[in-house]
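The values are calculated or read from the model by the stated rules, or taken from the named source; none is laboratory data. Just so it is clear, the structure is predicted and the values come from calculations on it, not from any experiment. All Cβ positions, even for glycine, are placed from backbone atoms using ideal geometry, and neighbour counts span all protein chains on display. To get the accessible areas, we keep the full protein, side chains included, count just its heavy atoms, and leave off ligands, DNA and RNA. Shrake-Rupley method; radii C 1.70, N 1.55, O 1.52, S 1.80 Å.
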Amino acid sequence: MPDETAQNAPALFDLTGRVALVTGAGSGIGQRIAVGLAQCGADVALLDRRTDGGVADTARAVEAAGRAALTLEADVTSQDALTEAVARTQAKLGPLTLALNAAGIANAAPAEDMPEEQYQTLMDINMKGVWLSCRAEARAMIEHGQGGSIVNIASMSGVIVNRGLEQVHYNASKAGVIHMTKSMAMEWVGRGIRVNSISPGYTATPMNTRPEMVHQTKLFEEQTPMGRMAAVDEMIGPAVFLLSNAASYCTGVDLLVDGGFCCW
Ligand code: NAP
């Protein structure tokens, strides 16, 4: 017998009236998800260290969807900058209840030769930066008492080792994000805050579509069971799902969105 008091299913994905903060919102996965959240009804604060106009493009797309946008130039390695970004978000848009942390970098060097500085810089952004972002967001959610939902962008590189890519630091950082996500999910489970991660497979963003990557891209496509890289837009649905009430019983989950890659 259907439960007539149950929520209308499409409404589970509705983000109308919610306030979201997206890091890495000036390019690639963060940019597209930010616009997707606005199309589902959220007002969105857009944080990135880029000053090349990417964030302004995202803001225009958010506003074209009829939602409010706030652009924030900040570096996710600075707790002070993140705290100020969250404060500005709440002052302009209202209580923060959604966060999507996508800021990250990638590079490569053989493990035996990689300079310590290269390792440390990537770790500071990809892993510590996610922790600092989650802390700033969760502190606001705890303080206003409405709880919230946080999604971190990890990678299938946190689960498998990419054949041919010498990126010990990147792979370790993403494994760290997946497990930090579970740890924070458990610490905040009694505070009404859900924390989940998405682990994309090879996705066609500026990180992967540089001209010097053409040969590599072909290999990525051959190695992926679906025979192609993900379009950036294919990360929107998983992000909306995990952030929205549709995932109200999901916390500490890592959702692989990899075209089947990790099955082989
Ligand atoms: P992207 O197009 O380069 O976007 C990442 C954005 O984050 C850029 O605007 C970047 O600015 C910004 N950023 C980097 N470090 C930052 C910092 N310290 N503070 C603030 N912003 C910072 O890359 P993407 O492919 O969309 O990647 C987004 C996330 O998805 C990353 O965490 C990445 O590891 C992950 N991911 C990507 C793939 C893929 O195949 N593309 C697969 C799995 C996971 P700059 O340009 O100045 O660095």
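The residue list Gly147, Gly94, Gly104, Gly66 contains one member that is more than 30 Å from Arg163 (Cβ to Cβ) and touching a residue at least 60 places away in the same chain (Cβ under 8 Å), which is Gly94.
Any residue in segment 48-60 that is under 10 Å from Ala25 (Cα atoms) sitting within a Cβ distance under 7 Å of a residue that is part of a helix (DSSP H, G or I)? List the pairs, counting only those 6 or more apart or interchain. Going by the 7 Å Cβ cut-off, the qualifying pairs are Asp48/Gly54; Asp48/Val55; Gly54/Gln31; Thr58/Gln31; Thr58/Ala34; Thr58/Val35. Residues considered: Pro206, Pro200. Of these, the only one that is within 16 Å of the ligand (Cβ to nearest atom), within 25 Å of Thr121 (Cα to Cα) and surrounded by 18 or more Cβ atoms within 10 Å (Cβ to Cβ) is Pro200. With a requirement of 3 or more residues that are modelled with pLDDT under 95, the helices (runs of 4 or more DSSP H) lying completely within segment 168-264 that satisfy it span 214-223. Please go through segment 150-197 and give me each residue that is hydrophobic (A, V, I, L, M, F, W, C), within 15 Å of the ligand (Cβ to nearest atom) and over 16 Å from the mean Cα position of the chain (by Cα), ordered by number. Residues satisfying the conditions are Val159, Ile160, Val161, Leu165, Val168, Ala172. Does segment 113-126 contain any residue that is of a type outside the set (D, E, K, R) and within 14 Å of the chain's Cα centre (by Cα)? Scanning segment 113-126 turns up at least one residue that is of a type outside the set (D, E, K, R) and within 14 Å of the chain's Cα centre (by Cα). Counting the residues of segment 100-136 that are away from the ligand (no atom under 14 Å from the Cβ) and surrounded by 17 or more Cβ atoms within 10 Å (Cβ to Cβ) gives 2. Considering only residues in segment 1-57 that are open to solvent by 50 Å² or more (accessible area, probe 1.4 Å) and within 21 Å of Leu132 (Cβ to Cβ), the one that is farthest from the ligand (Cβ to nearest atom) turns out to be Thr51.
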